[in-house]
Amino acid sequence: MTFTVRAPAKVNLALLVGPPRTDGFHPLDTVYEAISLYDDVRVAEAEEWSVSVVPVGGVDCSGVPLDDSNLALRAGRLLAEHHGLDRAAAVEVHKGIPVAGGLAGGSADAAATLVALDRLWDARTSDADLLALAARLGSDVPFALVGGTARGTGRGELVDPVPDAGERWWVVVPSDEGLSTPAVYGRFDDLPDPAPGDPSALLAALAGGAPIGELLRNDLQAAALDLRPALADRIALVSSYAGTALVSGSGPTVLGLAADQDRAREARAALLEAGLPVVHVATGPVAGAHVVEWD
Ligand code: C5P
């Protein structure tokens, strides 16, 4: 028997970052949105653990580790351990989410693996336990389970869905070279603290279906730009076609928020014409990790 689970990429509509805690993590007040770029994870019973990666839509998968550090494998082993099961699985990741791009693709794989193996093993893990296991795997993994639009606090792992009457269309511009999340947080610590903020105006606009372009904020953007100065030109280019642009999470993916689907497609065409090799159009919010196939 096999199960395939689809999990979405995330963007942060607000990413407010505080000074590091004693455990080294940074306190976050973030608003996540799940968008329609996906990894599909297929699991099958096997004697030994293994993971393989299949690129979808030309995603460069060379940066994905295939050893024990792979987050999907770690998720599988953690679920087996949680239930005291001496079982293994072959995990196949069909990767449509750009790697090391600030879109939480690795977290999507971990979330999808938890859900897929829970079904394969008929383990019936409670929602609370799944969320707790997800949080142990990474700060963004619980959100990949929940999806939609949600506020994240703690180090990002405490996730509460929020009302969202809107539908957004994004232009998603990956870079050919990723950025390391710890390196971006490290640079954040070297830069002046950002002004304190709170996402209440953004949350009100989401609930009312009002425009949010002016309310987007990413406190990691300055650090990503400091590490990768060429991103400034890219942000300007994307914003000239899409309206508003910002770095996604810890970067280096640049997001453009278009007024609607047609404008997003037009912006994509114009950016390809301008010489960018890869530009995706994605919409959100979309569902969190869910089963799409079994046989
Ligand atoms: O939680 P996750 O394993 O995805 O985090 C990767 C790295 O990003 C952490 O080791 C830490 O350096 C940094 N991080 C942080 N504060 C957060 C989330 C991540 O400093 N809230």
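The values are calculated or read from the model by the stated rules, or taken from the named source; none is laboratory data. Source: prediction; values computed, not measured. For neighbour counting, all protein chains shown are included, and Cβ atoms are generated from backbone atoms with ideal geometry for every residue, glycine included.
Within region 1-20, how many residues turn out to be more than 10 Å from the ligand (Cβ to nearest atom) and under 24 Å from Gly148 (Cβ atoms)?
13
Scanning for something crowded, with 24+ Cβ neighbours inside 10 Å and modelled with pLDDT of 95 or more, does region 55-72 turn up at least one residue?
Our first condition is that a residue be crowded, with 24+ Cβ neighbours inside 10 Å; within region 55-72, this holds for 72.
Filter once more, so that each one left must be modelled with pLDDT of 95 or more: 72.
Checking region 55-72: at least one residue is crowded, with 24+ Cβ neighbours inside 10 Å and modelled with pLDDT of 95 or more.
So if I check each of Ala195, Ala150, Ala205, which one is surrounded by 14 or more Cβ atoms within 10 Å (Cβ to Cβ), more than 30 Å from Ala44 (Cα to Cα) and without any contact (Cβ under 8 Å) to a residue 40 or more places away in the chain? I'd like the intermediate steps shown before the answer.
On the way: Ala195 fails: surrounded by 14 or more Cβ atoms within 10 Å (Cβ to Cβ); Ala150 fails: without any contact (Cβ under 8 Å) to a residue 40 or more places away in the chain.
Being surrounded by 14 or more Cβ atoms within 10 Å (Cβ to Cβ), more than 30 Å from Ala44 (Cα to Cα) and without any contact (Cβ under 8 Å) to a residue 40 or more places away in the chain holds for just one of Ala195, Ala150, Ala205, which is Ala205.
Val286 - would you say it is touching a Pro at 6+ places or on another chain (Cβ under 6 Å) and farther than 17 Å from Val173 by Cα?
Taking the combined requirement at face value, the residue satisfies it.
Of all helices (runs of 4 or more DSSP H) completely enclosed by region 81-177, which ones contain at least 1 residues that are under 30 Å from Ala232 (Cα atoms), of a type in the set (Lys, Arg) and within 16 Å of the ligand (Cβ to nearest atom)?
none
State all residues of region 21-36 that are within 17 Å of Gly249 (Cβ to Cβ) and either more than 15 Å from the chain's Cα centre (by Cα) or near the ligand (Cβ under 9 Å from one of its atoms) (or both); if no residue qualifies, say none.
Result: Phe25, His26, Pro27, Leu28, Asp29, Thr30.
Filter region 7-31 for residues that are touching a helix residue (DSSP H, G or I) at 6+ places or on another chain (Cβ under 9 Å) and either at pLDDT below 95 or within 14 Å of Gly105 (Cα to Cα) (or both) and give the result.
Ala7, Pro8, Ala9, Lys10, listed by residue number.
What number of residues within region 96-153 are within 23 Å of Gly178 (Cα to Cα) and of a type outside the set (Ser, Thr, Tyr)?
Count: 23.
Quick one: is Leu73 of a type outside the set (Lys, Arg), over 24 Å from Leu133 (Cβ atoms) and not in a loop (DSSP other than H, G, I, E, B)?
Values: of a type outside the set (Lys, Arg): yes; over 24 Å from Leu133 (Cβ atoms): no; not in a loop (DSSP other than H, G, I, E, B): yes.
So Leu73 does not fit the description; no.
Show the residue pairs meeting these rules: Cβ distance below 6 Å; 6+ apart or different chains; first residue within region 153-170 and more than 14 Å from Pro199 (Cβ to Cβ) and modelled with pLDDT under 95; second residue within 10 Å of the ligand (Cβ to nearest atom) and of a type in the set (Gly, Ala, Ser).
Cβ pairs passing all conditions: none.
Which one of the conditions (1) in contact with a helix residue (DSSP H, G or I) (Cβ under 7 Å, 6 or more places away or on another chain); (2) crowded, with 24+ Cβ neighbours inside 10 Å; (3) among the hydrophobic types (A, V, I, L, M, F, W, C) does Ile35 fail to meet, given that it meets all the rest?
All conditions pass for Ile35, except number (1).
Looking only at residues that are more than 28 Å from Ala150 (Cα to Cα) and of a type in the set (A, V, I, L, M) in region 237-277, which one is surrounded by the most Cβ atoms within 10 Å (Cβ to Cβ)?
By that ranking, first place goes to Leu271.
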